[in-house]
Amino acid sequence: MTPYVARFVSIYEQESLEIIGKILKAMPDVDYGVDAGGEQLFVSCHVLARVVTSFFPKFPYRDGYYADFFEHSWNVTPTGHVLDVYPVGCLGGPIIIDGDIIAGPGKALYSARDISELRHASSKGQYFLPMLEKASRAFAKTMQDLGYQV
């Protein structure tokens, strides 16, 4: 079955979604360590969106809010759709959401804003750059293992 929204998403964007999805599904779990309170750190949407941009520069990341409540980061496709590599509250991803500025759900759900004062430990300060480096290495190795050019 071909979803209705597929008519608005380019073949390049659909193929990129499939490749990024394969890489993320094959990417191993990485030990990001623990925070100051001893809680296990998990990769964040903020890290993954930036990693995807570094390997797929036509998909820039955006920081902001999902549903005007959750701090979130996602990517934007060349034609303006939302590529969410780590959807909020979802098991699975990545997904593309129609980003039509008038009628698309992407406009209602994703609002780009400055979120420089992030609250989550995995998204700031001493944890962020080491996570970004580890996630980038894991993404690159997985890309290579799957036969994609890094």
Quiz item: Once amide H atoms are placed 1.01 Å from N in the peptide plane, what residues at a sequence separation of 5 or more from His72, or on another chain, have their amide H within under 5 Å of its amide H?
Solution: Gly64, Tyr65, Tyr66
Exercise. Only one of the values [x] 25, 20, 12; [y] 41, 17, 11; [z] 34, 15, 13 was calculated from this structure for semi-axes √(5λ) of the Cα gyration tensor in Å; name its label.
Key: [x]
Quiz prompt | Packing rank of 4-15, 29-40, 133-144, 45-56, where each peptide gets the mean count of other beta carbons within 10 Å, highest leading | solution = 45-56, 133-144, 4-15, 29-40
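Read-outs: derived from the displayed coordinates by stated rules, not from any lab. Everything numeric in this text was worked out from a predicted model, so none of it was measured. No Cβ is skipped: glycine too gets one built from the backbone with ideal geometry, and neighbour counts run over all protein chains shown.
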